[in-house]
1. Every residue in the range 405-425 that is open to solvent by 10 Å² or more (accessible area, probe 1.4 Å) and not in a loop (DSSP other than H, G, I, E, B), please.
2. Name the single residue that is nearest to the ligand (Cβ to nearest atom) among those in the range 209-223 being part of a loop (DSSP other than H, G, I, E, B) and crowded, with 24+ Cβ neighbours inside 10 Å.
3. Could you tell me whether Leu369 is touching a Leu at 6+ places or on another chain (Cβ under 8 Å), over 23 Å from Gly161 (Cα atoms) and surrounded by 23 or more Cβ atoms within 10 Å (Cβ to Cβ)?
4. Does Ala175 count as within 23 Å of Gly260 (Cβ to Cβ) and either of a type in the set (Gly, Ala, Ser) or surrounded by fewer than 19 Cβ atoms within 10 Å (Cβ to Cβ) (or both)?
5. For a quick check of your reading: which strands (runs of 3 or more DSSP E) sit entirely within the range 30-148 and have at least 3 residues that are closer than 30 Å to Val213 by Cα and open to solvent by less than 30 Å² (accessible area, probe 1.4 Å)?
6. Tell me the residue from Val282, Val232 that is open to solvent by less than 20 Å² (accessible area, probe 1.4 Å) and among the aliphatic types (A, V, I, L, M), please.
7. Out of the residues in the range 285-313 meeting the condition of being closer than 23 Å to Ala327 by Cα and surrounded by fewer than 17 Cβ atoms within 10 Å (Cβ to Cβ), tell me which one is farthest from the chain's Cα centre (by Cα).
8. Sort out for me the strands (runs of 3 or more DSSP E) sitting completely within the range 225-305 that have 2 or more residues that are at pLDDT 95 or above and either in contact with a Leu (Cβ under 6 Å, 6 or more places away or on another chain) or more than 16 Å from the ligand (Cβ to nearest atom) (or both).
Amino acid sequence: MGPAVTVPYPGPLAQGIIDRMRAVEGAGPRTGGDDAPLVVDSASGSTLTDPDGNRFVDLAGSFAAATIGHAHPAVVAAVRDQVGRLSHVSSASMSESRVAFEEALVGIAPDGLDRVLLGLSGSDANDTAIRLARSVTGRREVIAFSGGYFGRGGGVIGLNGKARFRETVGIEADAHFLPYPDPYRWPLGRDADAGTGALALVRHALHDPASGVGPVAAVVVEPVQGNGGVVVPPDGFLAGLRELCDDHGAVLIFDEIQCGFGRTGRTWAAEHSGVAPDLMTVGKGIGGGLAVSAVVGRAAFMGHWPPGAHTSTFMGDAVNLAAGSAAIGVLRDERLAERSATLGTRALERLRTALTGEPGVGEIRGLGLFIGIELVTDGETRNPDPGRTARIRRAAFDRGVVLGSGGTAEQVIKLCPPLTIDEGLLDKALDLTSDTIRGTR
Ligand SMILES: Cc1ncc(COP(=O)(O)O)c(C=O)c1O
């Protein structure tokens with residue numbers, strides 16, 4: 001079933017919910033009048049339905065978390081089965097559901113990462129990873145990258161490389177920000193090699209006392225930046241970080257919360273470079289639509305804490321973890337990483353063909369079904385054009401396609417649909433997106 005907006009959005013039922021939400025949530029959520037308002041009544045596969053019966057294609061993947069699609073039958077069955085038997089026991093208890101998820105996660109994790117600490121959100125997995133790295137090394141300082149996003153937990157909010165995600169909070173995380181090697185926006189010049197340049201800056205920070213960076217506990221990085229605008233670093237960058245962390249005794253943390261779990265055409269984005277971290281954080285799609293996150297890591301680090309050092313009331317939730325096991329099964333059985341690679345290559349070609357010569361489209365890039373379309377005021381200056389990006393998202397929404405956004409100025413259209421999306425539906429939604437971009441000059 002394709003997109004269908006038959007009642008101009010927001011229809012009366014959606015508007016009613018928006019009004020009630022505004023009353024109880026204040027200015028918190030994005031509702032009505034924003035570039036991508038959304039009131040969802042039900043969701044299935046890649047389709048979101050609003051209370052007035054409008055259907056939208058979820059090319060944003062609901063914050064990139066609907067990796068296996070909404071309400072996948074395997075997840076629905078697993079949840080139904082689990083919830084009647086055991087829903088919650090304290091995280092001090094064990095259950096078949098919990099250990100089965102942990103084993104399944106280790107089963108798909110990179111070699112050498114074979115211990116798990118659970119969480120409920122990406123933020124708390126990253127908090128745990130940073131806290132662990134600090135307690136293992138006895139150091140505090142952390143290197144993060146411009147454009148990075150790690151969540152809103154107290155331990156990581158200061159590491160967010162986008163000012164608007166940390167400005168009002170004032171929680172310091174002993175963070176040092178270095179430029180992420182974005183080949184399109186590398187600050188040291190267009191012809192300079194961003195990967196080599198970025199590594200030189202990390203080396204300087206770690207090894208030169210004049211850098212002012214103290215002994216570093218961890219380097220935390222997204223192998224492909226999501227919120228930063230689907231930025232794929234040059235070959236060799238992650239391998240270089242691995243070497244520098246080993247030399248310095250710093251813990252290397254890969255955040256695979258958005259770019260992992262099949263999104264880029266491999267199970268983990270870092271597989272493209274053959275580099276394994278010490279700790280890897282996972283979340284979003286791995287819960288199959290329920291709240292599951294984890295740190296997966298090397299035993300040498302993960303064994304550092306005594307039993308009971310890491311607890312939270314709901315982190316071993318049996319229902320969520322049954323959904324997580326089902327999601328891992330779906331990724332494997334439906335070969336979704338491979339599907340992401342194939343559909344992603346086709347999607348990139350389709351978009352590039354449709355948008356060839358379109359003024360203001362600076363770059364179309366991606367890996368697997370993780371695609372960014374960068375909007376600029378003109379190709380020469382490459383000045384970001386967040387205004388047009390917002391207009392495109394709003395116009396696409398009115399035609400039944402939900403687009404994500406990213407980039408340091410929110411100038412990138414981000415596509416990360418369910419990896420299960422029907423090919424015909426994907427083509428249709430991509431064509432609508434290209435057409436909308438052309439219509440918003
Ligand atoms: C790379 C990355 N890390 C961490 C997070 C935080 O996850 P959560 O929103 O589940 O706390 C996000 C969320 O967008 C993310 O994209």
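1. Step one: filter the range 405-425 for residues open to solvent by 10 Å² or more (accessible area, probe 1.4 Å), giving 405, 408-410, 414, 420, 422-425.
Those that are open to solvent by 10 Å² or more (accessible area, probe 1.4 Å) and not in a loop (DSSP other than H, G, I, E, B): Ser405, Lys414, Glu423, Gly424, Leu425.
2. Filtering first and then ranking leaves Glu222.
3. For Leu369, the condition - touching a Leu at 6+ places or on another chain (Cβ under 8 Å), over 23 Å from Gly161 (Cα atoms) and surrounded by 23 or more Cβ atoms within 10 Å (Cβ to Cβ) - is met.
4. Details: within 23 Å of Gly260 (Cβ to Cβ): yes; either of a type in the set (Gly, Ala, Ser) or surrounded by fewer than 19 Cβ atoms within 10 Å (Cβ to Cβ) (or both): yes.
Taking the combined requirement at face value, the residue satisfies it.
5. Here the list reads 141-145.
6. On the way: Val232 fails: open to solvent by less than 20 Å² (accessible area, probe 1.4 Å).
Val282 is the lone residue from the list that is open to solvent by less than 20 Å² (accessible area, probe 1.4 Å) and among the aliphatic types (A, V, I, L, M).
7. Thr313
8. Numbers: elements: 251-255, 279-282, 293-297.
In the range 225-305, 251-255, 293-297 are the strands (runs of 3 or more DSSP E) which contain 2 or more residues that are at pLDDT 95 or above and either in contact with a Leu (Cβ under 6 Å, 6 or more places away or on another chain) or more than 16 Å from the ligand (Cβ to nearest atom) (or both).
The values are calculated or read from the model by the stated rules, or taken from the named source; none is laboratory data. The shown structure was predicted, so the numbers you read here are calculated from the model rather than taken from an experiment. Neighbour counts run over all protein chains shown; Cβ positions are idealised from the backbone, glycine included. These accessible areas exclude ligands, DNA and RNA; they are computed on the full protein's heavy atoms, side chains included. Shrake-Rupley method; radii C 1.70, N 1.55, O 1.52, S 1.80 Å.
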